[in-house]
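To start, the structure itself, in structure tokens.
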Amino acid sequence: MKFTAEQIASLLGGEIVGDKNVVVSTLCKIEEGTENGMSFLSNPKYEHYIYETKASVVIVNKSFVPEKEVNTTMIKVEDAYACFAKVLDIYNEFLLNKTGVSSLSFISSSASIEEGAYVGEFAYIGEGVKIGKNAKIYPHVYIGDNVTIGDNVTLFSGAKIYHLCIIGNGCVINSGAVIGADGFGYAPLEDGSFKKIAQIGNVILEDNVEIGANTTIDRATMGSTIIRKGVKLDNLIQVAHNVIIDQNTVMAAQSGIAGSTKIGKNCFIGGQVGFSGHINIGDRVKIGAQTGIMSNIKDDSSIFGTPSWEARSYMRSYSFFRKLPEMELRIRELENKIKELEGK
Amino acid sequence: MKFTAEQIASLLGGEIVGDKNVVVSTLCKIEEGTENGMSFLSNPKYEHYIYETKASVVIVNKSFVPEKEVNTTMIKVEDAYACFAKVLDIYNEFLLNKTGVSSLSFISSSASIEEGAYVGEFAYIGEGVKIGKNAKIYPHVYIGDNVTIGDNVTLFSGAKIYHLCIIGNGCVINSGAVIGADGFGYAPLEDGSFKKIAQIGNVILEDNVEIGANTTIDRATMGSTIIRKGVKLDNLIQVAHNVIIDQNTVMAAQSGIAGSTKIGKNCFIGGQVGFSGHINIGDRVKIGAQTGIMSNIKDDSSIFGTPSWEARSYMRSYSFFRKLPEMELRIRELENKIKELEGK
Amino acid sequence: MKFTAEQIASLLGGEIVGDKNVVVSTLCKIEEGTENGMSFLSNPKYEHYIYETKASVVIVNKSFVPEKEVNTTMIKVEDAYACFAKVLDIYNEFLLNKTGVSSLSFISSSASIEEGAYVGEFAYIGEGVKIGKNAKIYPHVYIGDNVTIGDNVTLFSGAKIYHLCIIGNGCVINSGAVIGADGFGYAPLEDGSFKKIAQIGNVILEDNVEIGANTTIDRATMGSTIIRKGVKLDNLIQVAHNVIIDQNTVMAAQSGIAGSTKIGKNCFIGGQVGFSGHINIGDRVKIGAQTGIMSNIKDDSSIFGTPSWEARSYMRSYSFFRKLPEMELRIRELENKIKELEGK
């Protein structure tokens, strides 16, 4: 894929300052600019890079006035960041423009697939499955019986969706993610062994949910494990049975949520965080990485540590934890002085 | 699937109180009852729900005497919970009643499969593999050379079993689980690089072991990594080479066990727990979530924290950790008072 | 596979002491010796095992002089450990000697594969893919468009390589590992939802990198996520976008690295460790299991805890943490005594 600066400027409705014939074949950060690369400058903090970048083209804001000579070609636009993001999207769509239904896939006769679908080699689509418009089903995807998949959904290679689950419009599920495996529910027997409790519920992903690689979301015992619209889950996350995660909450990699816990809207959850089962987390809660949460958390809290605590208090206590040997010494000195005073 | 209350009562040997013709098409919790749903009431704590539930049918204990009017149809049985669990099992078996060997699977000529098997599309069964009766091998399962699989085993889509591993009767392995990948063993070389130590052992799962989605169990360097009968491992767990987990131990998601560690029987292990290598954990040990264990643990211990400690002691120390800023203040005040006293 | 002691001795250039006709059919540890098993004795600490082992053959150092009667057959060589490792390698290569390109795989017409390759059933090889010599591509592997794979690479069943990634010579990628899924990058919108930032970079694994089962390495937003030569990553590790891990660093299972962090050479990183984004870790750093790192770390550090700290200091503070209830008591006693003294 090669474009001239002129072609890109025309696409973005921008104005060229420099060589209109310079060729762009890749996109890059301004600080890692390469020949034939195109970058952008939006944050003034990065301005100094434009005077030294090797990128052939840099998209800048109309308002940008260089303080020194600029050797690269600039394309001036209203909003440099937004324009660059648009170019990124176009480029990415080009990379992922798979179409057609492979004759090497397996599609049950009772499944229905709307127009515009890509179904890759060795993909498996079970009985009664319904797939919306413009779905992208990569190779090795497994879609169990009676799954419903919305419009514009992407399932990357090897994503696994167990029977009866529901995937909303615009969802993206990365490779190796497992949606709808059995919840971890067992009844103890008298001999110390365990009897499995059948897990007959499902998982519902509402619209625009994104699921990272190798993340697992278990089906509900009964009813549904629910991931509400706009939630973004990173890689290797565990979501147990009957959990509910509310709108637009974002969770970093390797965090885990035990059964029946409810997490509010617009939360920011760091990596490797653990949640006990059957607790409620409020809205807009911020949770530091590796935190372990064992009880309900109120709206708008900021928490940290295991067991978790208000983040600032935790860090204050932790600063004294670091001084514990010294504190113990101070106690010992006091004890000695008291002894002396008592002896007087 | 639709049944009348009468049909279900007849199946369970129960007595109907209410409308014998009401139709049941799904199962639900009593507190989340829906029309045409069937639920159960066993725990008296939930009794108030039966007066307001929207479930069309509720299974109750024979001994149950309502305190108010009940609008739903009841089926009275000896043990409501046991009967409901039986219905769950029947329903689940119905959902998962796949049979037949797909012509789109690959089965080596030297493999043997006993009667009653389901082998799904794109499943791969290697040379010399032996598979017992009534196995369910879902699409995209990989079974390497000379693997032995017992009777009534279920391998969900995308489970991977490396060569030479042994899977006992009644085991269930969820999607994306990897059994028998190479142990993480390297010999350091003088130039700072590492030479891989060939991992020629295997993994043995004894009977009735269940493995969660995307859990990984590495093969032994030599000999076997062993998961004894009745062990239940949740999702995203790591079990390193030469580990042994004894009977009926239960481990929650995202926990990890380093090489050659032995874990006893009937332990309850929380999520995100880490075990160092080459240590011994006793029987009936309870371990809190996110605990980090670096040394041997005795039978019947209850432990928590990193590095781990007796759980009650840890929580007691932790309660003082929360008071550290205040403790430091008290020390400072003492120091001031001592100075005053010394000045007298 | 069966060999006589004589055949093995001839292969290793060793000298037999005992029965030259005894048969070896497996390899084992000396302390877990079995009939027809072959083991080795190198570390004098294990010498006592040779007098009681059931292994049929033990490889020993030329210099070894038994203190008691040895009933097993010995093969004397210059370096027993090195010889045994050689036998392990030969045995392992024999177990993994798959060859040929399956007619049940899918190979794009624009892909190129050098000589000596194994391509298993249901493997998918995308457009423009280049694969080097002697590659082993197991069943269900996914190789996206325009991926480059070096010589002597092994991709175990179900490994997933997204488009444009580059895998160096001699790399090993285990089952379920996902290389090149989208980085976790979103721009917040005014309504609280998030817009995905297209992730158009790739992942580069340099030579001799090994990746554990179900580990995930995200592609860069732009540019590359880079794993330098000789790095060994265990199972279930998360590596976020634009991370760089330098040569010969070793990382245990379930650790996670947030975006744009750089990790130095020859580091030893324990299991379940977490790294914040945009930080720098020096060379030869040792990091204890479950550590949480939020800031830059200097070369040659040894660190532990969350937030992380110099390991020895952490453990010292932690020893006082365990004494906190007692310390609080001492403060209380001091307060009482001061009151008494003030009252005087």
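The values are calculated or read from the model by the stated rules, or taken from the named source; none is laboratory data. Nothing here was measured: the structure is a model prediction, and the numbers come from that model. When we count neighbours, we look across all protein chains shown, and the Cβ atoms used for this are built from the backbone with ideal geometry, even at glycine.
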Every listed condition ((1) farther than 23 Å from residue C:142 by Cα; (2) within 11 Å of chain C (Cβ to nearest Cβ)) holds for residue A:98 save (1)
Contact list, first residue from the range A:85-102 and on the phi > 0 side of the Ramachandran plot, second anywhere and of a type in the set (A, V, I, L, M, F, W, C), beta-carbon distance below 8 Å, six or more apart or interchain, is A:100/A:119
Is it true that some residue in the range C:209-216 is within 18 Å of residue A:92 (Cβ to Cβ), crowded, with 24+ Cβ neighbours inside 10 Å and assigned by TED's automatic domain parsing to the domain that holds residue C:150?
no
Filtering strands (runs of 3 or more DSSP E) wholly in the range B:1-80 for at least 2 residues that are touching an Asp or Glu at 6+ places or on another chain (Cβ under 6 Å) gives B:73-77
Of the candidates B:42, B:110, the one satisfying the condition of being in the same structural domain as residue B:131 (by TED's automatic domain parsing) and out of contact with any strand residue (DSSP E or B) (no Cβ under 6 Å at 6 or more places or on another chain) is B:110
Screening B:68, B:54 for residues that are basic (Lys, Arg), over 26 Å from residue B:97 (Cβ atoms) and over 33 Å from the mean Cα position of the chain (by Cα) leaves only B:68
Of (1) exposed (fewer than 15 other Cβ atoms within 10 Å of the Cβ); (2) at pLDDT 95 or above; (3) among the basic types (Lys, Arg), residue A:76 satisfies every one except (1)
Of (1) modelled with pLDDT of 95 or more; (2) over 25 Å from residue A:134 (Cβ atoms), residue A:101 satisfies every one except (2)
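Taking the condition within 14 Å of another protein chain (Cβ to nearest Cβ) and in contact with a His (Cβ under 8 Å, 6 or more places away or on another chain), does residue A:106 pass?
Details: within 14 Å of another protein chain (Cβ to nearest Cβ): yes; in contact with a His (Cβ under 8 Å, 6 or more places away or on another chain): no.
Here the answer is no, as residue A:106 does not meet what is asked.
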If we ask which residues in the range B:104-125 are under 28 Å from the mean Cα position of the chain (by Cα) and small (Gly, Ala, Ser), their number turns out to be 4
Kindly establish whether residue B:324 is outside the structural domain of residue B:232 (by TED's automatic domain parsing), surrounded by 22 or more Cβ atoms within 10 Å (Cβ to Cβ), over 30 Å from residue A:184 (Cα atoms) and more than 24 Å from the chain's Cα centre (by Cα). yes
Given the conditions (1) modelled with pLDDT of 95 or more; (2) over 30 Å from residue A:185 (Cβ atoms), every one holds for residue A:341 apart from (1)
Residue B:340 fails exactly one of (1) more than 28 Å from residue C:308 (Cβ to Cβ); (2) more than 9 Å from every other protein chain (Cβ to nearest Cβ), namely (2)
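Hey, among B:130, B:136, which residue is touching a Phe, Trp or Tyr at 6+ places or on another chain (Cβ under 6 Å), over 21 Å from residue A:213 (Cβ atoms) and more than 8 Å from every other protein chain (Cβ to nearest Cβ)? Show your work before the answer.
Details: B:130 fails: touching a Phe, Trp or Tyr at 6+ places or on another chain (Cβ under 6 Å).
Being touching a Phe, Trp or Tyr at 6+ places or on another chain (Cβ under 6 Å), over 21 Å from residue A:213 (Cβ atoms) and more than 8 Å from every other protein chain (Cβ to nearest Cβ) holds for just one of B:130, B:136, which is B:136.
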The condition of being charged (D, E, K, R) and outside the structural domain of residue A:212 (by TED's automatic domain parsing) holds, among A:265, A:286, A:339, only for A:339
Quick count over the range A:54-72, residues being surrounded by 13 or more Cβ atoms within 10 Å (Cβ to Cβ) and either in contact (Cβ under 8 Å) with a residue 60 or more places away in the chain or closer than 17 Å to residue A:83 by Cβ (or both), is 9
Of those in the range C:174-198 that are acidic (Asp, Glu) and over 27 Å from residue B:236 (Cα atoms), the residue farthest from the other protein chains (Cβ to nearest Cβ) is C:190
How many residues of the range B:1-40 are away from chain A (no Cβ under 14 Å), of a type in the set (A, V, I, L, M, F, W, C) and surrounded by fewer than 23 Cβ atoms within 10 Å (Cβ to Cβ)? The answer is 9
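Within the range A:288-334, can you find the residues that are assigned to a loop (DSSP other than H, G, I, E, B), of a type in the set (Lys, Arg), within 10 Å of chain C (Cβ to nearest Cβ) and out of contact with any helix residue (DSSP H, G or I) (no Cβ under 7 Å at 6 or more places or on another chain)?
Pass one, the range A:288-334, residues assigned to a loop (DSSP other than H, G, I, E, B): A:288-291, A:294-296, A:298-301, A:305-308, A:322-323.
Now restrict to residues that are of a type in the set (Lys, Arg): A:298, A:322-323.
If we keep only those that are within 10 Å of chain C (Cβ to nearest Cβ) as well, we get A:322-323.
Passing the criteria: only A:323.
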When the range B:139-173 is checked residue by residue, the ones that are within 12 Å of chain C (Cβ to nearest Cβ) and either part of a strand (DSSP E or B) or in contact with a Phe, Trp or Tyr (Cβ under 6 Å, 6 or more places away or on another chain) (or both) are B:139, B:140, B:142, B:143, B:144, B:157, B:160, B:161
Here the residues within the range C:146-198 that are polar (S, T, N, Q), without any contact (Cβ under 8 Å) to a residue 60 or more places away in the chain and either buried (at least 24 other Cβ atoms within 10 Å of the Cβ) or in contact with a helix residue (DSSP H, G or I) (Cβ under 6 Å, 6 or more places away or on another chain) (or both) are C:157, C:175
Residues in the range C:1-38 that are of a type in the set (S, T, N, Q), touching a Ser or Thr at 6+ places or on another chain (Cβ under 6 Å) and under 21 Å from residue B:164 (Cβ atoms) total 1
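Yes or no, residue by residue, for (1) out of contact with any Cys (no Cβ under 6 Å at 6 or more places or on another chain); (2) surrounded by fewer than 20 Cβ atoms within 10 Å (Cβ to Cβ); (3) within 13 Å of chain C (Cβ to nearest Cβ):
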| position | (1), (2), (3) |
| --- | --- |
| A:242 | yes, no, no |
| A:253 | yes, no, yes |
| A:258 | yes, no, no |
| A:261 | yes, no, no |
| A:265 | yes, yes, yes |
| A:268 | yes, yes, yes |
| A:279 | yes, yes, no |
| A:286 | yes, yes, no |
For the range C:218-240 the number of residues that are within 18 Å of the chain's Cα centre (by Cα), β-branched (Val, Ile, Thr) and either surrounded by fewer than 24 Cβ atoms within 10 Å (Cβ to Cβ) or not in a strand (DSSP E or B) (or both) is 3
